[in-house]
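**Student:** Let me give you the structure first, and then I'll get to my questions.
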Amino acid sequence: MDNSRNTIIGFVLIFGILIGYYFLTSPSKEELQEQRRKQDSMMMVQRQKDSVAQAFQAERLANEVQQSIRDSVTVFDAPGSDVNISILQDRFGAFAMSAKGENKLYFIENDLVKIGISTLGGKVVYTELKNFKTWDGLPLILTDSDTNKFGFSFFANNRTINTNDFYFQPEWVNGYNAGSDTVKVSGDQEAQFAMRLYTSSDSVYRKDQYIEYLFTLKGNNYMLGFDVKFHNMDKTVDAARGYVDFEWSSDLRKQEKHVDQFNGSTIYYKLHEDKVEYLSETKDEEESLRDQIKWLSFKEQFFSSVLIADNYFVDPIMRVSTAASPSSDRYLRSTYLKVGVPFTGASDETVGMSLYFGPNKYSTLRKYKLDLERQIPLGWSFFLMQWINRFAVLPVFNFLGSFGWNYGIVILVLTILLKTVLFPIAYKTYLSSAKMRLLKPEIDEIGLKFPKKEDAMKKQQATMAMYKKAGVNPMSGCIPVLLQMPILIAMFRFFPASIELRQQAFLWADDLSSYDSIMSLPFTIPFYGDHVSLFTLLMTISTIIYTYMNNQMMGSSSQQLPGMKTMMYLMPIMFLGVFNNYSSGLSYYYLLVNLITFAQMYIFQLFVDEDKLHKKIQENKLKPVKVSGFQKRLEDMAKQRGYNPGKKK
């Protein structure tokens, strides 16, 4: 008992030292201002570098496109010649004039996102989230022009047309920022920018016949309106199938320090007026459906790019894969989708869609009322787990975060609140363990009375009879533990998926959403990694100590199940390999749970009089054993059939 008490006091002191260390090493207001000033300076330099890089990237892309056009028309005469136009007309029909042009980038941006749109294909080729950075401080770019394909394919006058191959022309709607390369909007404002793919006749553009991509962006919103208008295209675009194909492919970029093995990158999709599904997060997979789809998402751990239909898409084909030899160290995964967009062939037809480029934040996604928040793994497959996260943990977590506290303190307060709520259950568990421990000598006597293996059933019956006579239920200690399990599992899903913890530092951890490393190893240990996570190490040590203390309190159970006892010590060591590369916020939470449990056990030892408890158990033995109504009915039925439970045959 004294050793357990000393151990508990030691861990409470360690916990106090950690918290004291945090407050003592926290920078002053002046130091914080100086840090912000340095960060702002570094950010300005980085943005200048990024601007130059973007300029080079755009120039390189334009050169590649121009070279590809030159390669495809090597037999042509000088541009604009009759031979050149005739060959283009033969290949592209009504879209011949749009097969040549200048690749140029235009930007539409608001307070949250900057979106680049290319004249080649009229497609989105660049998306940057302004309020986020990658794990190493670079601008967070979701869409990369080098890997992005985005456009329609259809039949037109017996030719296969793909809009990615043609040059669109910019249109500034309502004259907003007319002629500018960048359309900016802020606050409650709304801006529209269009790209038009014109048909042609006799080497002249037909301004009354075009396909238009209309992009609409509000000042403080991640959602980009994407309306596609087919104007006077009824005699050009074939509508026999009832839809036109839309294809989108992109290589997802690595934004985080470590890839979460339980919350990986993949494609999520929502069946029309039905549930949300997803492809494999770890394996290559392709799926084709004969169904209607509301939206499809290229989902990363904390960010998503989503294509949403105003009505629905049809017959989707989706594919996720990982390249064996990626061309960039930023490469994460390859995604591809192809959907049918309903098209009737009317003379003036508009297809309404939207694009979401933004964070996987529960409150942000939920406000769109499209079930986009189901991309966040909160335990949707188990109703109790998702209820705990949605209606208990998330509201409290966001409420505590609104005070501007460090998220390490937020997790601490959240843990204390949860343990306070679970305090009666913990007390019930401790009380049951204490009773079992007090009955251990009598259990040992029963074991000596029935030493043979063939008497195992008699030994079990005698043990249960003794429990019943003493008024002790051996399962009463297990049930409270089972009641706590959904919360522990819910936290396992919540912390790694919480974008609020992303890049939030606490103590030695620089990012609570990723692992904390206090030492990098010169080699990789199988099933462990190439670094040492201190929070995970402390969690493992505290769990082993808790297991030891719990076994000391449980009495005879450890003797009856020696294999289980060994497994209980091995489990924390096995989890050490898993959690070493997992969210440090989660390991920190489990460490806090153990430390607070030690404190609770110390309090229970102070206030639970075991001598008095033992006396009460002995008094219970003298009382007649109560028979439950169910057991009484069984005995009555047995007597009616001529069987007397009190006699042996």
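The values are calculated or read from the model by the stated rules, or taken from the named source; none is laboratory data. Here the structure is a predicted model, which means the values were calculated and not measured. When we count neighbours, we look across all protein chains shown, and the Cβ atoms used for this are built from the backbone with ideal geometry, even at glycine. In case anyone asks, the SASA skips ligands and DNA or RNA and just uses the protein heavy atoms, side chains included. Shrake-Rupley method; radii C 1.70, N 1.55, O 1.52, S 1.80 Å.
**Student:** What are the residues in segment 365-394 that are open to solvent by 20 Å² or more (accessible area, probe 1.4 Å) and at pLDDT 90 or above, if any?
**Tutor:** Hits for segment 365-394 are 366, 367, 368, 369, 370, 371, 374.
**Student:** Enumerate the strands (runs of 3 or more DSSP E) found wholly within segment 109-164, keeping only those where 2 or more residues are of a type in the set (Val, Ile, Thr), over 22 Å from residue 359 (Cβ atoms) and more than 30 Å from the chain's Cα centre (by Cα).
**Tutor:** 159-162
**Student:** With respect to residue 416, is the statement that it is crowded, with 16+ Cβ neighbours inside 10 Å, in a helix (DSSP H, G or I) and not charged (D, E, K, R) true?
**Tutor:** no
**Student:** Something else about it: Going through segment 171-198 one residue at a time, which ones are within 17 Å of residue 229 (Cα to Cα) and of a type outside the set (S, T, N, Q)?
**Tutor:** Result: 171, 172, 173, 193, 194, 195, 196, 197, 198.
**Student:** For segment 79-110, name all the residues that are at pLDDT 85 or above, over 20 Å from residue 238 (Cβ atoms) and out of contact with any helix residue (DSSP H, G or I) (no Cβ under 7 Å at 6 or more places or on another chain).
**Tutor:** Selection gives 97, 101, 102, 104, 106, 107, 108, 109, 110.
**Student:** On to the next question. For segment 265-277, name all the residues that are crowded, with 18+ Cβ neighbours inside 10 Å and not charged (D, E, K, R).
**Tutor:** The answer is 265, 266, 267, 268, 269, 276.
**Student:** Could you please tell me which pairs satisfy a Cβ distance under 6 Å, a separation of 6+ or placement on different chains, a first residue in segment 173-185 that is on the phi > 0 side of the Ramachandran plot, and a second residue that is part of a strand (DSSP E or B) and open to solvent by less than 60 Å² (accessible area, probe 1.4 Å)?
**Tutor:** What qualifies is 177/183.
**Student:** Please give the number of the condition residue 249 fails out of (1) at positive phi; (2) modelled with pLDDT of 90 or more.
**Tutor:** It fails just one condition, (1).
**Student:** If you check every pair at least six apart or on different chains, which have Cβ atoms under 6 Å apart with a residue in segment 74-98 that is farther than 20 Å from residue 163 by Cβ first and a residue that is modelled with pLDDT under 50 and of a type in the set (A, V, I, L, M) second?
**Tutor:** The qualifying pairs are 77/83.
**Student:** Looking at segment 141-195 only, could you name the residues that are crowded, with 19+ Cβ neighbours inside 10 Å, out of contact with any helix residue (DSSP H, G or I) (no Cβ under 7 Å at 6 or more places or on another chain), hydroxyl-bearing (Ser, Thr, Tyr) and closer than 30 Å to residue 240 by Cα?
**Tutor:** The answer is 163, and nothing else.
**Student:** Here's something else I'd like to know. What number of residues within segment 497-543 satisfy the criterion of being more than 20 Å from residue 262 (Cβ to Cβ) and surrounded by 17 or more Cβ atoms within 10 Å (Cβ to Cβ)?
**Tutor:** Residues flagged as more than 20 Å from residue 262 (Cβ to Cβ) and surrounded by 17 or more Cβ atoms within 10 Å (Cβ to Cβ) within segment 497-543 amount to 7.
**Student:** Let me ask something else about it. Does any residue of segment 294-310 turn out to be assigned to a strand (DSSP E or B), within 26 Å of residue 241 (Cβ to Cβ), among the polar types (S, T, N, Q) and open to solvent by 40 Å² or more (accessible area, probe 1.4 Å)?
**Tutor:** No, because not a single residue in segment 294-310 is assigned to a strand (DSSP E or B), within 26 Å of residue 241 (Cβ to Cβ), among the polar types (S, T, N, Q) and open to solvent by 40 Å² or more (accessible area, probe 1.4 Å).
**Student:** Another question, then. Just a yes or no: is a residue in segment 463-483 at pLDDT below 70, part of a helix (DSSP H, G or I) and not hydrophobic (A, V, I, L, M, F, W, C)?
**Tutor:** yes
**Student:** Another question about this same structure. State yes or no: is residue 255 in contact with a Leu (Cβ under 8 Å, 6 or more places away or on another chain) and part of a loop (DSSP other than H, G, I, E, B)? Can you show your working first?
**Tutor:** Working: in contact with a Leu (Cβ under 8 Å, 6 or more places away or on another chain): yes; part of a loop (DSSP other than H, G, I, E, B): yes.
Yes: the conditions hold for residue 255.
**Student:** Still on this model: Residue by residue through segment 196-216, note down the ones that are on the phi > 0 side of the Ramachandran plot and either open to solvent by 60 Å² or more (accessible area, probe 1.4 Å) or of a type in the set (Val, Ile, Thr) (or both).
**Tutor:** Answer for segment 196-216, where residues must be on the phi > 0 side of the Ramachandran plot and either open to solvent by 60 Å² or more (accessible area, probe 1.4 Å) or of a type in the set (Val, Ile, Thr) (or both): just 202.
**Student:** Which residues, taken from segment 349-406, are more than 26 Å from residue 223 (Cα to Cα), in contact (Cβ under 8 Å) with a residue 60 or more places away in the chain and more than 17 Å from the chain's Cα centre (by Cα)?
**Tutor:** 384, 406
**Student:** Please state which of the following conditions residue 290 fails to meet, knowing it meets all the rest: (1) open to solvent by 30 Å² or more (accessible area, probe 1.4 Å); (2) under 26 Å from residue 128 (Cα atoms); (3) part of a loop (DSSP other than H, G, I, E, B); (4) in contact with an Asp or Glu (Cβ under 8 Å, 6 or more places away or on another chain).
**Tutor:** (2)
**Student:** How do the pairs read when you match residues in segment 305-328 that are farther than 14 Å from residue 270 by Cα with residues anywhere that are of a type in the set (Asp, Glu) and surrounded by 14 or more Cβ atoms within 10 Å (Cβ to Cβ), using Cβ under 6 Å and keeping only pairs 6 or more apart or on different chains?
**Tutor:** Partner pairs satisfying both residue conditions: 320/285.
**Student:** Considering every residue within segment 327-350, establish whether at least one is closer than 18 Å to residue 295 by Cα, of a type in the set (Phe, Trp, Tyr) and part of a strand (DSSP E or B).
**Tutor:** yes
**Student:** Continuing with this model, one more query. Checking residue 280 against (1) part of a strand (DSSP E or B); (2) surrounded by fewer than 21 Cβ atoms within 10 Å (Cβ to Cβ), which single condition isn't satisfied?
**Tutor:** Evaluating residue 280 over (1) part of a strand (DSSP E or B); (2) surrounded by fewer than 21 Cβ atoms within 10 Å (Cβ to Cβ) leaves (1) as the failure.
**Student:** Right, here's the next one. Residues of segment 148-178 being closer than 25 Å to residue 221 by Cα and hydroxyl-bearing (Ser, Thr, Tyr), which ones?
**Tutor:** Of everything in segment 148-178, just one residue is closer than 25 Å to residue 221 by Cα and hydroxyl-bearing (Ser, Thr, Tyr), namely 176.
**Student:** I've got another one for you. Take residue 255 and decide whether it is free of Cβ contacts under 8 Å to residues at least 24 places away in the same chain, within 27 Å of residue 369 (Cβ to Cβ), out of contact with any helix residue (DSSP H, G or I) (no Cβ under 7 Å at 6 or more places or on another chain) and surrounded by 16 or more Cβ atoms within 10 Å (Cβ to Cβ).
**Tutor:** Considered against the rule, which asks whether it is free of Cβ contacts under 8 Å to residues at least 24 places away in the same chain, within 27 Å of residue 369 (Cβ to Cβ), out of contact with any helix residue (DSSP H, G or I) (no Cβ under 7 Å at 6 or more places or on another chain) and surrounded by 16 or more Cβ atoms within 10 Å (Cβ to Cβ), residue 255 comes out as no.
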